[in-house]
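Structure record follows, encoded as structure tokens.
The values are calculated or read from the model by the stated rules, or taken from the named source; none is laboratory data. Bear in mind that the values here come from a model prediction, so they are computed numbers and not experimental data. We place every Cβ from the backbone using ideal geometry, glycine too, and count neighbours over all the protein chains shown.
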Amino acid sequence: MGVCMFKIIWRTFFGGMVIGFLIIVLFFSCAGISNYKKTDQKPIRLVNASENVYNNNNFVFFEKLVLVDEFDNLCKLSDNCDIKPESTYVNLSSSSGGALRSIDGKVYSLTAAHFCIELNENGTIVDESEFWDEIILVRFTGSVYKGKIEKVDLASDLCLVSFEHDTNLNYVIDKIKLSKKMPPIGEPVHIIASPLGINGTHLRLHFDGKYAGCDRIMGCLYTIPATFGSSGSLVFNKYGELISVLSIAVFPFQEISGGCNVYQIKDFLKKFKQSTGIKLY
């Protein structure tokens, strides 16, 4: 009798925990469902003792939104469906990232290429704009902007997104320096990320870890916890210099993450400069 009663209590307790967890996951999954609207809030500058090292003011949160119709079905442009003002955009995915520079009214930010584009089974890029009314939403310093993909490189999993602003952000964005080389193995590294879409105007999630080295297959690895939404996070060395952008998290051991190296970032930005004349490093 005692054993049966224990099983009943245990199942009730465990079931409650599972339901609670599912509610939390559902909350963060639905948190991205919103109407696209640019805010009029002024840029907010975060100030703390470590901002010069970890670039608090450069953190960017990205959301990929797609329009859904009144029947909650994905709206195909090829069907010539009517887009109504009250239509709702649904969050398909999100990523983290960081602003590099503000030039002539545009902010240029890095994130992960696998957030910006989708691939077919044969590895070719899917042009989603042909099928869906899709936008990239940029949340930066308390304001919301519409992003534009400037450049994508699949080999390094890097994506450059720009957005136009109508305020002076030059004083907000901290200058990010590229490291000249990767750090010694075991040296501390740091990211600011938005795992599971957790972020806020006055909120920055900081994660520390150690640099583990680079591998031809895995890329450069770090003992930094990461999950969905962490992709695109800028990785800084102990001097606050950019060395990488997160691309992968190792499941189920989520305390290992990885990304490109600083040489790939520099080559990516150099090619962008060659084609546009805009220097971001």
Query raised in the report: Is it true that Gly232 is within 16 Å of Ala113 (Cβ to Cβ), in a loop (DSSP other than H, G, I, E, B) and modelled with pLDDT of 95 or more?
Result: yes
Report summary line: Among residues of the stretch 192-214 being closer than 12 Å to Gly258 by Cα and in contact with a Leu (Cβ under 7 Å, 6 or more places away or on another chain), the residue surrounded by the most Cβ atoms within 10 Å (Cβ to Cβ) is Ala212
Requested in this report: Within the stretch 196-223, track down each residue that is in contact with an Asp or Glu (Cβ under 7 Å, 6 or more places away or on another chain) and assigned to a loop (DSSP other than H, G, I, E, B).
Outcome: Thr223
Query - Subset of the stretch 163-182 [surrounded by fewer than 19 Cβ atoms within 10 Å (Cβ to Cβ), touching a strand residue (DSSP E or B) at 6+ places or on another chain (Cβ under 8 Å) and at pLDDT 90 or above] - result: Glu164, Lys177, Leu178, Met182
Query raised in the report: So Ser275 fits all but one of (1) small (Gly, Ala, Ser); (2) closer than 17 Å to Ser194 by Cβ; (3) surrounded by fewer than 20 Cβ atoms within 10 Å (Cβ to Cβ); what number is the exception?
Result: (2)
Query raised in the report: Does Val144 satisfy the criteria of being hydrophobic (A, V, I, L, M, F, W, C), outside the structural domain of Asn237 (by TED's automatic domain parsing) and in contact with a Ser or Thr (Cβ under 6 Å, 6 or more places away or on another chain)?
Result: yes
Query raised in the report: So is Pro252 surrounded by 13 or more Cβ atoms within 10 Å (Cβ to Cβ) and either assigned to a strand (DSSP E or B) or not assigned by TED's automatic domain parsing to the domain that holds Thr141 (or both) or not?
Result: no
